[in-house]
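Visitor: Below is the structure I would like to discuss, written out as structure tokens.
The values are calculated or read from the model by the stated rules, or taken from the named source; none is laboratory data. Just so you know, these numbers come straight off a predicted model, no measurement behind them. No Cβ is skipped: glycine too gets one built from the backbone with ideal geometry, and neighbour counts run over all protein chains shown.
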Amino acid sequence: MGGGDWLRHVPAGDNRERLVCPDCGFVNYQNPKIVVGSVASHEGRILLCRRSINPRRGFWTLPAGYLENHETVEDGARREAAEEALARLTIDALLAVYNIPRISQVQLIHRARIDNPDGIGAGEETEAVGLFDWADIPWDDLAFPSVRWALEHWRAVAEATRFAPFTNPPGETGDY
């Protein structure tokens, strides 16, 4: 890659405008971001984190975040739970794959068990954590539509040993 400015144009054999190095022709593909997370539970209670960062600061969410390079999706989900809620998880299954096209995001949400329920606490990006019974989930204060989807999908298969991963509910794009 040269040291000059990137040019924006449609490379030969492509159908989308891309950033291209004018010196060597390197194409800088800008692809969707992968988010990994979990619906983690202990004895039927679900782990939620109150966000201390924007967007949606002060709202409740699942432990989730961006997948890092050279990390499996399961390792990423475990890392995010440790960072945000000090939780150690056993990943049970892939629960859902959600597409959020407006922000070019794909979310891979797992079903997991909390291995250290007495050790959970607020991590760096979290104001508070809680283990919620279904009836006590703060539904009006959930950060994103995909959090609600994941909780509902988790409930549908909470006791199932085998199931196919869920996707966005029909007509839903994840906008809030």
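Visitor: Considering only residues that are surrounded by 12 or more Cβ atoms within 10 Å (Cβ to Cβ) and of a type outside the set (K, R), which ones fall in the stretch 104-120?
Guide: Going residue by residue through the stretch 104-120, those that are surrounded by 12 or more Cβ atoms within 10 Å (Cβ to Cβ) are 105-117, 120.
If the condition is that a residue be surrounded by 12 or more Cβ atoms within 10 Å (Cβ to Cβ) and of a type outside the set (K, R), then Q105, V106, Q107, L108, I109, H110, A112, I114, D115, N116, P117, I120 are the ones that fit.
Visitor: Next question. Within the stretch 156-168, how many residues are surrounded by 13 or more Cβ atoms within 10 Å (Cβ to Cβ) and either of a type in the set (K, R) or within 15 Å of V97 (Cβ to Cβ) (or both)? Before the answer, list the steps.
Guide: Restricting attention to the stretch 156-168, the residues satisfying the condition of being surrounded by 13 or more Cβ atoms within 10 Å (Cβ to Cβ) are 157-158, 163, 165-168.
Okay, now just the ones that are also either of a type in the set (K, R) or within 15 Å of V97 (Cβ to Cβ) (or both), so 157, 163, 165-168.
Here the count works out to 6.
Visitor: While we're here: Of the residues in the stretch 6-23, how many are more than 31 Å from the chain's Cα centre (by Cα) and exposed (fewer than 10 other Cβ atoms within 10 Å of the Cβ)?
Guide: Residues in the stretch 6-23 being more than 31 Å from the chain's Cα centre (by Cα) and exposed (fewer than 10 other Cβ atoms within 10 Å of the Cβ): 2 in total.
Visitor: Can you name the strands (runs of 3 or more DSSP E) wholly within the stretch 1-87 that have at least 2 residues being in contact with an Asp or Glu (Cβ under 6 Å, 6 or more places away or on another chain) and assigned by TED's automatic domain parsing to the domain that holds I103?
Guide: Counting at least 2 such residues, we get 45-51, 64-66.
Visitor: Next question. For residues that are of a type outside the set (D, E, K, R) and surrounded by fewer than 22 Cβ atoms within 10 Å (Cβ to Cβ), scanning just the stretch 37-54, find the one that is farthest from D118 (Cα to Cα).
Guide: Once the filter is applied, the top-ranked residue is N54.
Visitor: Could you tell me which of the residues I100, I91 is surrounded by 12 or more Cβ atoms within 10 Å (Cβ to Cβ), within 28 Å of T173 (Cβ to Cβ), out of contact with any Leu (no Cβ under 9 Å at 6 or more places or on another chain) and without any contact (Cβ under 8 Å) to a residue 60 or more places away in the chain?
Guide: Testing whether each residue is surrounded by 12 or more Cβ atoms within 10 Å (Cβ to Cβ), within 28 Å of T173 (Cβ to Cβ), out of contact with any Leu (no Cβ under 9 Å at 6 or more places or on another chain) and without any contact (Cβ under 8 Å) to a residue 60 or more places away in the chain leaves just I91.
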